[in-house]
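Structure first, then comments.
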Amino acid sequence: MAKNLKLITLSNKQSNIPEVFFSLQGEGPHIGRPSVFIRTSGCNLYCIWCDTPYTWNWEGTKYPHENQAKFNKSEEQTNLLSTELTQQVLHYDCKNIVLTGGEPLVQAQALSHFCKLLRHTGDFVIDLETNGTILPEKNIDQYVNTYVCSPKLSNSEIPQNLRLKNDTLAWFAQSDKSYFKFVINKESDFSEIESIVSELDINKDRVYIMCKALDLSTLASKQNYAAAKALEYGYRYSDRLHLRLYGNKRGT
């Protein structure tokens, strides 16, 4: 079963219940839009401030994280056939789909089969949130309407050669499907963003900056600074609407 290429590994929102949920998009270009979210499990990076460490920070691994928690892999994952996931999505009266994670493109082949099944049932709009290190192949790119690409800065505490793949980022930059979202925490982050935006010739209207924040009080303390920086550099500011509405909870 584990080798089935149509099997998708999802994170859990609670015991044995996969994190597939209906909510408002809280970040990026489609903020406020009702969407069905599908949170995949597994990631090829390990950001120290990640707000979903339960998708990758397993017991027995060496990866550091701000909350110092480790998670039991078998308890945090559910495997669904693409046909089963399609039925879960069809339960909701919504055509907007967000593939998130973790890193969805780790499972691109299985997700492409799911997207194909979904499109056969109706006119769905599919967003894919990615860290920008894995090149989407045609089998999934043909189904994606929007990429929200979030390259990681040095504040993630990941070596640059792992978090910035120039050829892959260049592919996203030339795609009119792509928007870029950067998590900011300090002044020096902006020189890194400017370097990436300049090198890849990204239109600043497609660049969003967002505060590093795992709770509403932290967001409140940083939002005015981030908003001022957005005005200074000509970027767009992304709120974290889900924190305001629901707090830092799974399945929201």
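Return a yes/no flag: does the stretch 118-129 have any residue that is within 17 Å of Thr9 (Cβ to Cβ), in a strand (DSSP E or B), at pLDDT 95 or above and open to solvent by 10 Å² or more (accessible area, probe 1.4 Å).
There is at least one residue in the stretch 118-129 that is within 17 Å of Thr9 (Cβ to Cβ), in a strand (DSSP E or B), at pLDDT 95 or above and open to solvent by 10 Å² or more (accessible area, probe 1.4 Å).
Could you tell me whether Ile184 is at pLDDT 95 or above, among the hydrophobic types (A, V, I, L, M, F, W, C) and out of contact with any Cys (no Cβ under 7 Å at 6 or more places or on another chain)?
Spelling it out, it is not the case that Ile184 is at pLDDT 95 or above, among the hydrophobic types (A, V, I, L, M, F, W, C) and out of contact with any Cys (no Cβ under 7 Å at 6 or more places or on another chain).
Inside the stretch 9-24, can you point out the residues that are assigned to a strand (DSSP E or B) and either of a type outside the set (A, V, I, L, M, F, W, C) or more than 22 Å from Lys177 (Cβ to Cβ) (or both)? Break it down stepwise before answering.
Filtering the stretch 9-24 for residues assigned to a strand (DSSP E or B) gives 9-14, 17-18, 20-24.
Within the stretch 9-24, Thr9, Leu10, Ser11, Asn12, Lys13, Gln14, Ile17, Pro18, Val20, Phe21, Phe22, Ser23 qualify.
Looking only at the stretch 205-242, which residues are farther than 17 Å from Gly26 by Cβ and within 20 Å of the chain's Cα centre (by Cα)?
Within the stretch 205-242, Asp205, Arg206, Val207, Tyr235 qualify.
When you scan the stretch 159-252 for helices (runs of 4 or more DSSP H) that lie fully inside it, which ones turn up with 2 or more residues that are touching a residue at least 40 places away in the same chain (Cβ under 8 Å)?
It comes to 160-163, 189-200, 216-233, 241-246.
Of the residues that make up the stretch 96-109, is at least one farther than 22 Å from Phe22 by Cβ, under 19 Å from the mean Cα position of the chain (by Cα) and of a type outside the set (A, V, I, L, M)? I'd like the intermediate steps shown before the answer.
Keep residues of the stretch 96-109 that are farther than 22 Å from Phe22 by Cβ, which gives 103, 105-106, 108-109.
Those still in the list that are under 19 Å from the mean Cα position of the chain (by Cα) too: 103, 105-106, 108-109.
Among the residues that remain, those that are also of a type outside the set (A, V, I, L, M) are: 103, 109.
For the stretch 96-109, residues farther than 22 Å from Phe22 by Cβ, under 19 Å from the mean Cα position of the chain (by Cα) and of a type outside the set (A, V, I, L, M): present.
Can you name the residue in the stretch 69-95 that is part of a helix (DSSP H, G or I) and of a type in the set (Asp, Glu) and, of all such residues, is farthest from Asn16 (Cα to Cα)?
That would be Glu84.
Does Gly60 qualify as being among the small types (Gly, Ala, Ser), closer than 11 Å to Glu76 by Cβ and assigned to a loop (DSSP other than H, G, I, E, B)? So that I can check it myself, show each step before the final result.
Values: among the small types (Gly, Ala, Ser): yes; closer than 11 Å to Glu76 by Cβ: no; assigned to a loop (DSSP other than H, G, I, E, B): yes.
The answer is no for Gly60.
Could you say which residue among Ser154, Ser175 is at pLDDT 95 or above, over 19 Å from Cys50 (Cα atoms) and either polar (S, T, N, Q) or under 17 Å from the mean Cα position of the chain (by Cα) (or both)?
Ser175
Considering only residues of the stretch 25-51 that are out of contact with any Leu (no Cβ under 8 Å at 6 or more places or on another chain) and in a strand (DSSP E or B), which is surrounded by the fewest Cβ atoms within 10 Å (Cβ to Cβ)?
Looking at the filtered set, the residue picked out is Val36.
Looking only at residues that are open to solvent by less than 20 Å² (accessible area, probe 1.4 Å) and either modelled with pLDDT under 95 or of a type in the set (Ser, Thr, Tyr) (or both) in the stretch 55-85, which one is farthest from the chain's Cα centre (by Cα)?
Ranking the candidates gives Ser82 first.
Pick from the stretch 90-107 the residues that are touching a helix residue (DSSP H, G or I) at 6+ places or on another chain (Cβ under 9 Å) and surrounded by fewer than 20 Cβ atoms within 10 Å (Cβ to Cβ): which of them is nearest to Gly132 (Cα to Cα)?
The qualifying residue nearest to Gly132 (Cα to Cα) is Asn96.
The values are calculated or read from the model by the stated rules, or taken from the named source; none is laboratory data. All figures in this text were calculated on a predicted structure; none of them were measured in a lab. Cβ coordinates were reconstructed from backbone atoms using ideal geometry, including for glycine residues, and neighbour counts include every protein chain displayed. When the accessible area is computed, the model is the full protein with side chains, heavy atoms only, and any ligands, DNA or RNA have been set aside. Shrake-Rupley method; radii C 1.70, N 1.55, O 1.52, S 1.80 Å.
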